[in-house]
Amino acid sequence: MKTVNEIKLTVDAKSVNEAYCRVAVASFASQLDPTVEEISDIKTAVSEAVTNCIVHAYRAKKGKIYITVSVTDDSTVIVKIRDNGIGIQDVKKAREPLFTTGGDDRSGLGFSVMECFSDKLRVYSKEGRGTTVTIYKKIRGKCDDDS
Amino acid sequence: MQVLFKKDKDTLTAYLNGDIDHHTAKSIRETIDSEMQRLMPGKLRLDFKNVHFMDSSGVGLVMGRYKTASVYGCAVSVCEMPSSVEKIMKMSGLGKIIEFEKD
Ligand SMILES: Nc1ncnc2c1ncn2[C@@H]1O[C@H](COP(=O)(O)OP(=O)(O)O)[C@@H](O)[C@H]1O
Ligand SMILES: [Mg+2]
């Protein structure tokens, strides 16, 4: 598959920007004519990844979040979300449902939600260097005319 | 995000409004907890009718209120969920510990 359109965003790691990030990505993805549910899935997965940068990677300290959104010629949205934060020691463990190093009100379900609401999820991390999460979402749309 | 409350007999209903994410969850949590502490209801209902976006921070919020309410012997239920909210609630397994009200 080939990228046919792409945008890049650099955002301060502030919780007030969580809503902006998911809305911006969803708005760019809308060129593939997704269903309401597909848009909602993308927003949710992006919100999880961006929140993790703010809460875990930078631990509420200053930092930047780098987002690249591309759409491909086979109707897939690819969202890459990168931070230069603390990184993840054991990615496999971090991806397990309910695993959290966060406080009381963190559910440990962020990665499970990202997996469930996308078609594929890649997580690359290096301790002390940062984390890159890539979300792949195939847009099937309403599938009106190809039955 | 503002939360409206209605108390009917022993039941306190919290009407949630707007997006629930990590950014908004903190003030929602504080508002609900202080109202619970003030009124000590036997049941807390969380109404999601006007919530159009929610991520796992919302699941954490509901789970946290369930734990806090249990301390007072207060039951918790959720209702009026739009399909997007219901989808994440269901996948989280919250239905096993909290009542999903059907009308
Ligand atoms: N960008 C990140 N940088 C560092 N650690 C992370 C990052 N994303 C996730 N983690 C780690 O993975 C764990 C699980 O993440 P998640 O499934 O989203 O649950 P939660 O955010 O509720 O803790 C986090 O508690 C944290 O330890
Ligand atoms: Mg998370």
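Our Cα-only numbers for chain A put the radius of gyration and Dmax at 15.1, 50 Å.
Longest stretch of chain B clear of exposed loop sites (trypsin sites (Lys or Arg not before Pro), DSSP loop, at most 10 other Cβ atoms within 10 Å, sites excluded): B:10-101.
Cross-linked pairs A:Lys61/A:Lys138; A:Lys43/B:Lys26; A:Lys137/B:Lys43; A:Lys61/A:Lys93; A:Lys92/A:Lys138; A:Lys8/A:Lys138: Cα-Cα separations exceed 29 Å for A:Lys61/A:Lys138; A:Lys137/B:Lys43. Here A:Thr35 and B:Asp33 are evaluated by their C-beta separation; at R0 = 35 Å the FRET efficiency comes out at 0.40. Structure remark: mean-square fluctuation, Gaussian network model of chain A, C-alpha springs under 10 Å; the largest value among A:Asp73, A:Asp119, A:Asp105 belongs to A:Asp105. In segment B:2-100, the inverse of the mean reciprocal separation of distinct Cα atoms equals 13.2 Å; this is its Kirkwood hydrodynamic radius. Sequence-ordered 3J(HN,Hα) estimates for segment A:60-72 from the Karplus curve with 6.51, -1.76 and 1.60 and θ = phi - 60° stand at 6, 8, 5, x, 10, 10, 10, 10, 10, 10, 10, 10, 10 Hz, glycine and proline given as x. Only the Cβ atoms of Lys and Arg (+1) and of Asp and Glu (-1) were treated as charged; on that basis the dipole of the protein assembly as shown about its Cα centre amounts to roughly 920 debye.
Each value in this text was obtained by applying a stated rule to the coordinates, not by laboratory testing. Source: prediction; values computed, not measured. Cβ sites come from the backbone with ideal geometry, for glycine too, and all protein chains shown count toward neighbours.
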